[in-house]
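Peer 1: Submitted below is the structure of interest, expressed as structure tokens.
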Amino acid sequence: MTDGSRAQQREQTRQTLLRESRRLFATRGYGAVGLAEIVSAAGVTKGALYHHFDSKAGLFRAVLEQVQQEVARQVAATAEAQGDPWGRLTAGCRAFLTASTAPDVQQVMLVDGPAVLGWSQWRALDEAASARHLTEALTALIEAGAIPPQPVAPLAHLLSGAMNEAALWLAESADPENLADTWAALSRILEALRTR
């Protein structure tokens, strides 16, 4: 076996572990899934799992990063499809709230993420995945004169915190109307930022 095919096999094993653990974590929750179940579903040994991940929490972190990156890409693509800075901000915010209502995203990103990794680590991953897009959108709005000049960092953190809190609340809610109500409330908050 060549080095290239070994590397390809290692990457395939890693991707299988991520896929199967994500499926299990999303459907049953982190606490209900054991390593034996993950390796069985992936068709690998525990040694293979430990070759790629140092622990169950390390494997979960990789799954969470994958989910957060997918949500960030989805939000960015939705925002970038809009022709003006205001449309990009509102479309991106709405896309984040909508993506956060998917059951697998809720379980991994919103329910288990903060519980397994702790708030600080979860928040750092969240910032790495999506904070740049929000900061860029707000900067573009200030440059376009759509919102008054102001420091971007505090505003980005306030909006991010509001949306994360709304997403956490939506994850615990069983009422499908809550997404529309949450978007309406967030729209009013965003509208208040606009230059009159």
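Peer 1: Which one is surrounded by the most Cβ atoms within 10 Å (Cβ to Cβ) among residues in the stretch 20-55 that are under 17 Å from Pro114 (Cβ atoms) and touching a Phe, Trp or Tyr at 6+ places or on another chain (Cβ under 8 Å)?
Peer 2: Per the criteria, the residue is Phe25.
Peer 1: Confirm whether Ala115 is surrounded by fewer than 17 Cβ atoms within 10 Å (Cβ to Cβ), within 25 Å of Glu172 (Cβ to Cβ), over 9 Å from the mean Cα position of the chain (by Cα) and aliphatic (A, V, I, L, M).
Peer 2: Working: surrounded by fewer than 17 Cβ atoms within 10 Å (Cβ to Cβ): yes; within 25 Å of Glu172 (Cβ to Cβ): yes; over 9 Å from the mean Cα position of the chain (by Cα): yes; aliphatic (A, V, I, L, M): yes.
When the stated conditions are applied, Ala115 passes them.
Peer 1: Determine the pairs where a residue that is at negative phi, located within the stretch 82-101, has a partner that is in a helix (DSSP H, G or I) and basic (Lys, Arg) with Cβ atoms under 8 Å apart, the partner being 6 or more residues away or on another chain.
Peer 2: Once the first residue is at negative phi and sits in the stretch 82-101, its partners that are in a helix (DSSP H, G or I) and basic (Lys, Arg) give Gln82/Arg88.
Peer 1: Which residue, of Thr27, Thr98, Thr45, is in the same structural domain as Leu159 (by TED's automatic domain parsing) and either over 30 Å from Arg132 (Cα atoms) or of a type in the set (Ser, Thr, Tyr) (or both)?
Peer 2: Details: Thr27 fails: in the same structural domain as Leu159 (by TED's automatic domain parsing); Thr45 fails: in the same structural domain as Leu159 (by TED's automatic domain parsing).
Going through Thr27, Thr98, Thr45 in turn, just one is in the same structural domain as Leu159 (by TED's automatic domain parsing) and either over 30 Å from Arg132 (Cα atoms) or of a type in the set (Ser, Thr, Tyr) (or both): Thr98.
Peer 1: Can you give me the ranges of the helices (runs of 4 or more DSSP H) entirely in the stretch 60-159 with at least 2 residues that are at pLDDT 90 or above and closer than 22 Å to Pro176 by Cβ?
Peer 2: By residue number, 85-99.
Peer 1: Looking at the stretch 160-178 only, could you name the residues that are hydroxyl-bearing (Ser, Thr, Tyr) and outside any loop (DSSP other than H, G, I, E, B)?
Peer 2: The answer is Ser160, and nothing else.
The values are calculated or read from the model by the stated rules, or taken from the named source; none is laboratory data. Small disclaimer: the values here were computed from a predicted structure and weren't measured. Every residue, glycine as well, gets a Cβ built from its backbone with ideal geometry; the counts of neighbours run over all protein chains shown.
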